[in-house]
Amino acid sequence: MDANVSLRFFRIQKPDAQSPAPDIVLKNLFNRELKDREIALDEGVLLRLERYEPEATYRVGEFCRIQKTNIPPSAGPDGLIPTKLEGDRGLGHLAAFRYHVPTNVFLLQINMQCATPKRISAYFGQAEQRPLYVLKPVFRRDALLRMQKGEVRSFTVAFAEPENLAAFDDPRLSVLKGTKQAARLFHAHEIEITISAGSSRKRHLTQMESKRILSKLSRTKGVSTLMANVKEGNKTIPLDLLEDQLKHSEVLDLPSDNPLRNYEMRKTLLTNTFNANLAELTALFGPKNDAG
């Protein structure tokens, strides 16, 4: 079965200094019985840590989202029939990961049916009875340095559906409510918003808040466009904050009848991808360059 396996790099921000590190969270989860690793998240999502392996300075494994409702039917030459699952079983949607402890870099297989960055943030937090462990995307080195040193002058974000406007902090704001209502009225399937400091060079956006919301939007499901104009000296440089994320994609011939072999093939891809980027990640986030 050919499958396009997409991987993205993140760093994990703890809720506070007293919260356990991500590798401890993973270890604590794995020490539970399999059933006890299951945590119900928002939207009826049931997630659990399925596999976990310590490998020197890495922690590797996979998450499983268990789908027990809204099961699609089986399709055959005689039409559609209900899919029957035995006992308390559900469909298993899988996403592998590889976490490097020294750099706090987390490589995740992106599977929107399974463990999205938002769901993992909530899963880790609920597992430790704490707020979210935020997954922040890692950008390519040139884009990252420009974001750190430059001044955000404007940004444009496009949402695939009106409901995805909730990515902004307060969806109750009248402008967002009005935008949602207008999108429904005109049956719009994409909404584009531009926030700018204007043409005056003396005006600027609040930098800390701008970079915080850009980071949040870059890991939000349903964002189809995310562009920022960053000022460097007398120049303004456009950055594509979806394409400039550090990521990798590859087509694998994954077996559908052998879950362990399927996992091992994806695990090998994560290992090779991490190794190919390790020098750059260490230079950016190693102990002497840790940005927290």
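The values are calculated or read from the model by the stated rules, or taken from the named source; none is laboratory data. Treat the numbers as computed from the prediction; the structure is a model and nothing was measured. Methodologically, a virtual Cβ is constructed for each residue, glycine included, from the backbone with ideal geometry; neighbour enumeration extends over all protein chains shown.
The strands (runs of 3 or more DSSP E) found entirely in segment 1-77 that carry 1 or more residues being closer than 29 Å to ASN275 by Cβ and more than 20 Å from the chain's Cα centre (by Cα) are 2-13, 46-55. A Cβ distance below 6 Å, combined with a sequence gap of six or more or placement on separate chains, defines the contacts here; from segment 272-284, residues that are under 18 Å from ALA96 (Cα atoms) reach residues that are surrounded by 16 or more Cβ atoms within 10 Å (Cβ to Cβ) and not polar (S, T, N, Q) in the pairs THR273/LEU7; THR273/HIS248; PHE274/ARG98; PHE274/LEU107.
Against the conditions (1) exposed (fewer than 15 other Cβ atoms within 10 Å of the Cβ); (2) touching a His at 6+ places or on another chain (Cβ under 7 Å); (3) basic (Lys, Arg), ARG32 satisfies every one except (2). Would you be able to say whether some residue in segment 100-108 is assigned by TED's automatic domain parsing to the domain that holds PRO255, farther than 26 Å from THR282 by Cα and surrounded by fewer than 17 Cβ atoms within 10 Å (Cβ to Cβ)? No: segment 100-108 contains no residue that is assigned by TED's automatic domain parsing to the domain that holds PRO255, farther than 26 Å from THR282 by Cα and surrounded by fewer than 17 Cβ atoms within 10 Å (Cβ to Cβ). From LYS84, LYS118, which residue is in a loop (DSSP other than H, G, I, E, B), of a type in the set (Lys, Arg), modelled with pLDDT under 95 and in the same structural domain as ASN31 (by TED's automatic domain parsing)? Going through LYS84, LYS118 in turn, just one is in a loop (DSSP other than H, G, I, E, B), of a type in the set (Lys, Arg), modelled with pLDDT under 95 and in the same structural domain as ASN31 (by TED's automatic domain parsing): LYS84. Do the conditions hold for VAL5, that is, is it of a type in the set (Val, Ile, Thr) and more than 16 Å from SER121 (Cα to Cα)? Yes: the conditions hold for VAL5.
Among the residues of segment 138-146, is any under 14 Å from the mean Cα position of the chain (by Cα) and either at pLDDT below 90 or under 25 Å from GLU280 (Cα atoms) (or both)? Scanning segment 138-146, I find at least one residue that is under 14 Å from the mean Cα position of the chain (by Cα) and either at pLDDT below 90 or under 25 Å from GLU280 (Cα atoms) (or both), so the answer is yes.
Here the condition is being touching a Cys at 6+ places or on another chain (Cβ under 6 Å) and not in a loop (DSSP other than H, G, I, E, B); of LEU94, LEU107, it holds for LEU94 alone. Applying a threshold of 9 Å to beta carbon distances and a minimum spacing of six or more residues, or different chains, the list of pairs starting in segment 65-79 at a residue that is touching a residue at least 12 places away in the same chain (Cβ under 8 Å) and on the phi < 0 side of the Ramachandran plot and ending at one that is exposed (fewer than 10 other Cβ atoms within 10 Å of the Cβ) and in a strand (DSSP E or B) is empty.
Of everything in segment 38-85 that is in contact with a helix residue (DSSP H, G or I) (Cβ under 8 Å, 6 or more places away or on another chain) and exposed (fewer than 10 other Cβ atoms within 10 Å of the Cβ), the residue that is farthest from LEU26 (Cα to Cα) is THR69. If you scan segment 59-73, which residues turn out to be closer than 24 Å to VAL5 by Cα and touching a strand residue (DSSP E or B) at 6+ places or on another chain (Cβ under 6 Å)? Once the filter is applied, which keeps residues that are closer than 24 Å to VAL5 by Cα and touching a strand residue (DSSP E or B) at 6+ places or on another chain (Cβ under 6 Å), segment 59-73 yields ARG59, VAL60, GLY61, GLU62, PHE63, CYS64, ARG65, ILE66, GLN67.
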